[in-house]
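The values are calculated or read from the model by the stated rules, or taken from the named source; none is laboratory data. Not measured: the values here are computed from a predicted model. Glycine gets a Cβ as well: all are built from the backbone with ideal geometry, and neighbour counts include every protein chain shown.
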Amino acid sequence: MIYTLTLNPAIDYHAVTELVEEGRTNRTKEEYLQPGGKGLNVAAVLAGLGDPVTAIALTAGPTGEILKSLLEREAVSCDFIELESGFTRINVKLHQAGTGIMTELNGSGIRLNEELIGEIRERLGKIGKDDTLVLSGSLPAGSTPDLYRQLMESTGAGKVVVDASGAALLEALEGKPYLIKPNRDELLDLMTQSGEQELIEAAGSGDAEALEKGAAWLQQRGAENVLVSMGGDGAFLLSADGKVSRMEAPEGDLIDAVGAGDSMVAGFLHQAGQDTDPEKVLAFAVAAGSATAFSMGLAKPRMIHQLYDEVRKQK
Ligand SMILES: Nc1ncnc2c1ncn2[C@@H]1O[C@H](COP(=O)(O)OP(=O)(O)OP(=O)(O)O)[C@@H](O)[C@H]1O
Ligand SMILES: [Mg+2]
C-alpha cells in the first residue's frame, strides 16, 4: 500500500472572472470546487492508475466535511485525522477569463501543536515495512523544519518519498528517503544556500552539469533516488546505483501544469512497483507529469500510457 500524507489540505475554490476591480463587487462567470493538497494529488493519480493507495489528511470544521465529500467523488480512499478546532482552509484561484492568468489567495489553514504531531506520529507508526509513505508539501504553521524528519523516525514504512523544498527537505535527508523530487528552482535554491562554494558557483550557471552536481550532493546527504524535474524540459534521475538518466518531455499543448510534479511522483511509484529499470521508471514519471500539464486537472491513465510511448531520452 502507498500512503500519502497531507498536513494542510484545502478546498480549492476556482472562479473564472473578467478583470477583478479592487474595492468593487465583482462577479464570477463560472466556478467550481476541487480538493487541494500535494499528497491528495499524488493519491488521486495513483488511484487512477489502479495502485492501492490511502490518502491520510488532516481536516477540521465544516470545510473539512466539504473536503471529505469532494474526495469521495474522486474515489480516493482516505484516512482523516480530525482536529477539534479551526477549519480546513479554502484556497481561492481567480482565473481571468480567456487569458490563462490566474491569481491565487491561499489560506494559512490549520496550526499544528505537539499533541497533534503526536497523533500523526502514532498514525504513521502503524504503516508496515512493505508500504511506502509519501510526505509532500510545505509545512503548516506551528511546525519546525525538522517535522518530516521526525515523521520519518516514527513511521514503519519501508520507503519514504519526500517532495518538499528548503530546510524541510534538507532535514529529511537524514532519514534516508527512498526518493526526493526537487524541481530545478528548488534544487538551485538549495545549492545557493548550501554554504559550499563549489555548489554556489555551479548554481550560478544552472546548466545540466550544475544540476547533476546538486543532485549528487543531495544523494551524498542521504537520498537514495534524486528525481529532478524541469517543467517542459523534462527531467533527470540520479538513481541509487549512481547512474544518471535523462528524458525529454513529450510534445503537447500546455493546459495547466499545476500538480505536474505530484503526478510525476505518482508515476514514478507506479512504475517502480513493477519495473527495476531506472530509465523506464523515469519515462513513466515524465509521462505522468506531462499528462497533467496537457489536461484540465490531473493526469488520466489513458493519456499517461499514450505519452509513455512518446517519451524519448535526452541527447
Ligand atoms: N510545459 C510542460 N510541458 C510538458 N511537460 C511538462 C510541462 N510542465 C511540466 N511537465 C512535466 O511534468 C514534470 C514535472 O513538472 P515541474 O518540473 O513543473 O514540477 P513541479 O514544479 O514540482 O510541479 P508542482 O507544481 O506539482 O510542484 C516535468 O518533468 C514534465 O515531465
Ligand atoms: Mg513540486
*Taking Ala216 as meeting all but one of (1) within 15 Å of ligand 1 (Cβ to nearest atom); (2) at pLDDT 95 or above; (3) not basic (Lys, Arg), write down the number of the exception.*
(1)
*asked:* Take the residues in the range 132-164 that are within 23 Å of Met264 (Cβ to Cβ) and surrounded by fewer than 18 Cβ atoms within 10 Å (Cβ to Cβ); name whichever of them is nearest to ligand 2 (Cβ to nearest atom).
replied: Ser138
*Has the range 167-180 got at least one residue that is within 12 Å of ligand 2 (Cβ to nearest atom) and either part of a loop (DSSP other than H, G, I, E, B) or within 13 Å of the chain's Cα centre (by Cα) (or both)?*
yes
*For the range 50-75, enumerate the residues that are of a type in the set (A, V, I, L, M, F, W, C), in contact (Cβ under 8 Å) with a residue 40 or more places away in the chain and buried (at least 19 other Cβ atoms within 10 Å of the Cβ).*
Val53, Ala55, Ile56, Ala57, Leu58, Ala60, Leu67
*From the options Lys280, Lys243, residue that is away from ligand 2 (no atom under 16 Å from the Cβ) and either within 20 Å of Pro177 (Cα to Cα) or touching a residue at least 40 places away in the same chain (Cβ under 8 Å) (or both)*: Lys243
*Out of all the residues in the range 293-315, which are near ligand 1 (Cβ under 10 Å from one of its atoms), in a loop (DSSP other than H, G, I, E, B) and over 21 Å from Gly36 (Cβ atoms)?*
Val311
*If you go through the range 228-264 one residue at a time, how many are within 9 Å of ligand 1 (Cβ to nearest atom), among the β-branched types (Val, Ile, Thr) and in contact with a Ser or Thr (Cβ under 7 Å, 6 or more places away or on another chain)?*
0
*Residues Gly231, Gly267: which one is of a type in the set (Gly, Ala, Ser) and either at positive phi or more than 19 Å from the chain's Cα centre (by Cα) (or both)?*
Gly231
*Could you give every pair whose Cβ atoms fall below 6 Å, whose first residue belongs to the range 18-47 and is of a type in the set (D, E, K, R), and whose second residue is in a loop (DSSP other than H, G, I, E, B) and within 14 Å of ligand 2 (Cβ to nearest atom), counting only separations of at least 6 or pairs across chains?*
Lys38/Gly137
*Residue tally, condition part of a helix (DSSP H, G or I) and closer than 21 Å to Asp262 by Cα, over the range 145-166*: 6
_Residues that are surrounded by 12 or more Cβ atoms within 10 Å (Cβ to Cβ) and of a type in the set (Val, Ile, Thr), drawn from the range 21-40_ = Thr28
